[in-house]
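**Student:** Sharing a structure below in structure tokens format, with a few things to ask.
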Amino acid sequence: MLNHSSFDARARWRRRTGCAIAVLALCGNCASAAETVLNPAPTAQDWAALAKLPDWSGVWTPKISDQNRRIKADPMPWNPQAAKQVATMAADEAAGNPRGLFIDCLPEAMPSWMLITHNAMEILFTPGRVTLLGESDGNRLRRIYTDGRGHPVDPDPTFHGHSIGRWDGETLVVDTVGVLPQTFLAVSEAVGMPNNGDLHVIERIHLADSETLYDDLEIIAPRILTRPWKTTRIYFRQRARKYDIVEGVCLQGSFAERVDKNGNAVFVPVPQADGNPVPIESAPPK
Amino acid sequence: MTIQVLRSRALAAVLACAGLTGLAAAHHSFAMFEFSKQISIHGTVKEFQWTNPHVVLWVDVPAAAGETAGTWSLELTSPGNLTRTGWTRRAFAAGDEVIIELNPLRNGKHGGALVKATQVKTGTVFNTNLRDMEKPGLK
């Protein structure tokens, strides 16, 4: 449950960002005259400070049944244009149309990784940074800067956006902007809308109990939603070594492992039908 | 010419030359499977494709089986998730006799989402339910 209003957090972030923009505006030519900003080498004190943070070690597996339950119980507040397209996609999915959002193996991106993943993640604390590492699509990585920096004024859009975080007690409050407009706000792997720009995600990540992690998300997607949408995703901690994160390269499944005429081990592309399985009539590719 | 174009042309060339019919386990939804239906097949492993994002077990069902005869592609979740549910890349190998429970493709072709796989020679059963992992501290 939210123990603080994320709208408050949103307002605080806006104030900060606003201040930063105001300072830049006053500064005029400062940007060009400014000295290069260095990321300082961490001190022994910086490393020691990490020990005071909550223990988020281990591997976190998503509660898939809760993802599904929440999507049904609290659907995204699509605007009329988006709702129409989503309804079409949902009907296609129900009819067994295999077209999916991620068949090209581009990252699920923010916030869909957090919303619909079936794969585990781990979280690393280093001085000035929290890093989320996932598996499955080969490029599942979020860098959350906790060194006090703000967002760039004009961030280069990326799949996971630009994230800054701060600790509010034992809760990590993360603010993300700069996400590529083409990335999806996904209901499932088959249904979702491109965010179409101006996406802003605020998260409060915290332990709900010693072994359960909550990500309380507020998703502000003004091009496709009628209002900010709040939801939560739940992850369970595993410590058994068999749960360790494994490498997951999304495109690997598009290639068969074969031996070429020179005896070299090679990957050979195998056919796709709209990125989906083409049930074979005879045999896997030779 | 972009790399993408080159890549798609190379793929087209490979397909044209080889006349392949095969499976690419791209990161797709599972909408094409009929989850209200579960069937069983009995056959021999042709290949165990231990790849992300979807592992694929290819199974040959002998002609005597009638309607189910032929090669099947059975799709699973990712290697990471399967490892956590007790699978390994050595779980199956070509030639293994297997009994597979599956949710078939809606289009009636020989493919499906694998529900349960049994190694006949050892009796070992492999399940695929990720919901079994929905609690902390699993061993």
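The values are calculated or read from the model by the stated rules, or taken from the named source; none is laboratory data. Since we're looking at a predicted model, the values are computed, not measured. Virtual Cβ from ideal backbone geometry, glycine too; neighbours counted across all protein chains shown. What goes into the accessible areas is simple: the full protein's heavy atoms, side chains included, and nothing from ligands, DNA or RNA. Shrake-Rupley method; radii C 1.70, N 1.55, O 1.52, S 1.80 Å.
**Student:** Within the stretch A:61-73, count every residue that is open to solvent by 30 Å² or more (accessible area, probe 1.4 Å), without any contact (Cβ under 8 Å) to a residue 60 or more places away in the chain and at the interface with another protein chain (Cβ under 9 Å from one of its Cβ atoms).
**Tutor:** Of the residues in that region, 1 qualify.
**Student:** Among the residues of the stretch B:113-125, count how many are away from chain A (no Cβ under 14 Å), open to solvent by less than 60 Å² (accessible area, probe 1.4 Å) and either under 16 Å from A:Trp60 (Cβ atoms) or not hydroxyl-bearing (Ser, Thr, Tyr) (or both).
**Tutor:** Total satisfying the criteria: 5.
**Student:** Residue check: is A:Asn119 crowded, with 20+ Cβ neighbours inside 10 Å, part of a loop (DSSP other than H, G, I, E, B) and not hydroxyl-bearing (Ser, Thr, Tyr)?
**Tutor:** The answer is yes for A:Asn119.
**Student:** Further question: Picking from A:Gly100, A:Gly58, A:Gly134, which residue would you name as being touching a residue at least 60 places away in the same chain (Cβ under 8 Å), farther than 20 Å from A:Arg233 by Cα and either touching a strand residue (DSSP E or B) at 6+ places or on another chain (Cβ under 7 Å) or at the interface with another protein chain (Cβ under 8 Å from one of its Cβ atoms) (or both)?
**Tutor:** Just a single option satisfies the conditions, and that option is A:Gly100.
**Student:** For the stretch A:265-275, which positions are in a strand (DSSP E or B) and over 28 Å from the mean Cα position of the chain (by Cα)? I'd like the intermediate steps shown before the answer.
**Tutor:** Initially, the stretch A:265-275 is screened for residues in a strand (DSSP E or B), giving A:265-269, A:273.
Within the stretch A:265-275, A:Ala265, A:Val266, A:Phe267, A:Val268, A:Pro269 qualify.
**Student:** OK, next. Pick out, from the stretch A:157-264, the strands (runs of 3 or more DSSP E) lying fully within it that include 3 or more residues that are more than 30 Å from B:Ser73 (Cα to Cα) and either at pLDDT below 95 or hydroxyl-bearing (Ser, Thr, Tyr) (or both).
**Tutor:** Those strands (runs of 3 or more DSSP E) span A:229-238.
**Student:** Shifting gears a bit: Just to check your reading of the model, which residue among B:Asn52, B:Asn81, B:Asn129 is within 11 Å of another protein chain (Cβ to nearest Cβ) and open to solvent by 10 Å² or more (accessible area, probe 1.4 Å)?
**Tutor:** Result of the check over B:Asn52, B:Asn81, B:Asn129: B:Asn129.
**Student:** So which residues in the stretch A:198-220 are farther than 16 Å from A:Met76 by Cα and open to solvent by 10 Å² or more (accessible area, probe 1.4 Å)?
**Tutor:** Result: A:Asp198, A:His206, A:Leu207, A:Ala208, A:Asp209, A:Ser210, A:Glu211, A:Thr212, A:Tyr214.
**Student:** Follow-up. Among (1) more than 26 Å from A:Arg140 (Cα to Cα); (2) modelled with pLDDT of 90 or more, which single condition is B:Ala113 missing?
**Tutor:** B:Ala113 satisfies every listed condition except (1).
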